[in-house]
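**Q** Could you have a look at this structure, given as structure tokens, before my questions?
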Amino acid sequence: MKLILGIESSCDETGIALYHTERGLLAHTLHSQIALHNEYGGVVPELASRDHVRYVLPLIRSALQQADCSLNDVDAIAYTQGPGLSGALLVGASIACALAYTLGVPTIGVHHLEGHLLSPLLSDPAPAFPFVALLVSGGHTQLMRVDGVGRYTLLGESVDDAAGEAFDKSAKLLGLDYPGGALLARLAQGGTPGRFKLPRPMLHSGDLDFSFSGLKTAVLTLTQQNETDKQTRADIAHAAQEAIVDVLASKSLAALKQSGLNQLVVAGGVGANQLLRSRLNEAVNKHGGNVFYPDLEFCTDNGAMIAFAGAMRLQHQTARNDYRFNVKPRWDLQEINYAD
Ligand code: KG4
Ligand code: ZN
């Protein structure tokens, strides 16, 4: 029976959570920096780090209050060790190790993508191992086979831009704020189906890899060739969303078929996209399988998934007690696999 404090600070969200191995998630708090970076059209790393410094302790305090706990009740501290922005990661890592040192409790450096991968296990019903996971965030697009905690096999990934990046770059070309994924989806609702058709790169490549970088060029060309009145922008948004979702859904289905599994888990910010959800549900149900999503609030970056992944890790490995830390801005998920 353990209480784990989780700290997420890899990019532009400060997320804190308290997860109890028997009572489940007790509290979580979040501060999003979207408004801060908005005027720059993307995340400014130095501003991100400073904002994490500003919010991390107040958010820990309010999470403890919500859970009616004190710091002394905490048995271990999990923090995002990578991948992400190094300055931003250092804020979470240094706070985690300083607090753990004063409390005399161990720390667990969590891989951000493992947090996303395991986040659907916080929902009810939760998927059972093994499953295929589609990881679709602002920085990653990967299909993984998950046989258990620490047993991840990469099936395919984007060779260039991530799906979230494709959403965000297309949105930017349509004059929408950053990050534009959800705004593009909203604009697409008023779009005319079929007016524009955009390419589906690598749809028939025969493997499970993706390529999205050509999409922004195709969207750019459409915006240059047409009057960009509101309706046309909605029509382009519609076509862009269709192209991204179509490729994600068909490759996910192919991954299930190839691996002989029938459970698909979707994680990462793009997993909030409603069209993606309905296409995946339709395709996977037809295949006789089920799709699992984290609750909407746990699709995008959050502390709960880090606290939870930390709790899972604690069951399988010894946590560190020496309080030395390093962050890993680039970190291959398969490096964290347990030895067979
Ligand atoms: O997982 P996440 O919060 O952060 C990373 O770790 O990258 O994902 C953020 C990404 C952004 O690219 C954002 O535009 C996209 O998720 N996103 C969406 C939607 N909501 C968030 N993309 C499409 N439709 C949405 N509804
Ligand atoms: Zn993320």
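FYI, it's all coordinate maths here, none of it is from the lab. All of these numbers come straight from a predicted model, not from anything done at the bench. Here Cβ is always computed from backbone atoms with ideal geometry, including for glycine, and neighbour counts include all displayed protein chains.
**Q** What dipole magnitude, in Debye to the nearest 20, does the chain give about its Cα centre under +1 on Lys/Arg Cβ and -1 on Asp/Glu Cβ?
**A** 300 debye
**Q** The stretch 128-293: Rg/Rh from Cα coordinates, Kirkwood Rh?
**A** Expressed as Rg/Rh, it is 0.98.
**Q** Using the 2.2 N^0.38 Å rule of thumb for compact globular proteins, work out how the stretch 208-306 stacks up: its C-alpha Rg over that value, please.
**A** Computed over Cα atoms of the stretch 208-306, the ratio equals 1.26.
**Q** I want to check a number: in the chain, how many lysine pairs have alpha carbons closer than 24 Å, given a sequence separation of 8 or more or different chains?
**A** So the count of such lysine pairs works out to 14.
**Q** Here's something else I'd like to know. Give the Cα extents of the stretch 1-153 along the principal axes, in whole Å, largest first.
**A** For the stretch 1-153, the Cα spread along each principal axis is 41, 40, 24 Å.
**Q** Something else now. Report the antiparallel proportion of the DSSP beta bridges in the stretch 128-293 as a percent, rounded to a multiple of 5.
**A** In the stretch 128-293, DSSP labels about 60 percent of beta bridges as antiparallel.
**Q** Taking the Cα centre of each part, how many Å lie between the stretch 26-62 and the stretch 131-185?
**A** About 21 Å separates the Cα centre of the stretch 26-62 from the one of the stretch 131-185.
**Q** Once you mark the trypsin sites (Lys or Arg not before Pro) that are in a DSSP loop and have at most 10 other Cβ atoms within 10 Å, what is the longest gap between them in the chain?
**A** Longest site-free region, per DSSP loop and neighbour criteria: 1-196.
**Q** Right, here's the next one. Cα axis of helix 163-173 to longest principal axis of the chain: angle in degrees, 0 to 90, nearest 10?
**A** It is inclined by approximately 60 degrees.
**Q** Rounded to two decimals, what is Rg over Rh for the chain when you use alpha-carbon atoms and the Kirkwood radius?
**A** That ratio is 0.98, to two decimals.
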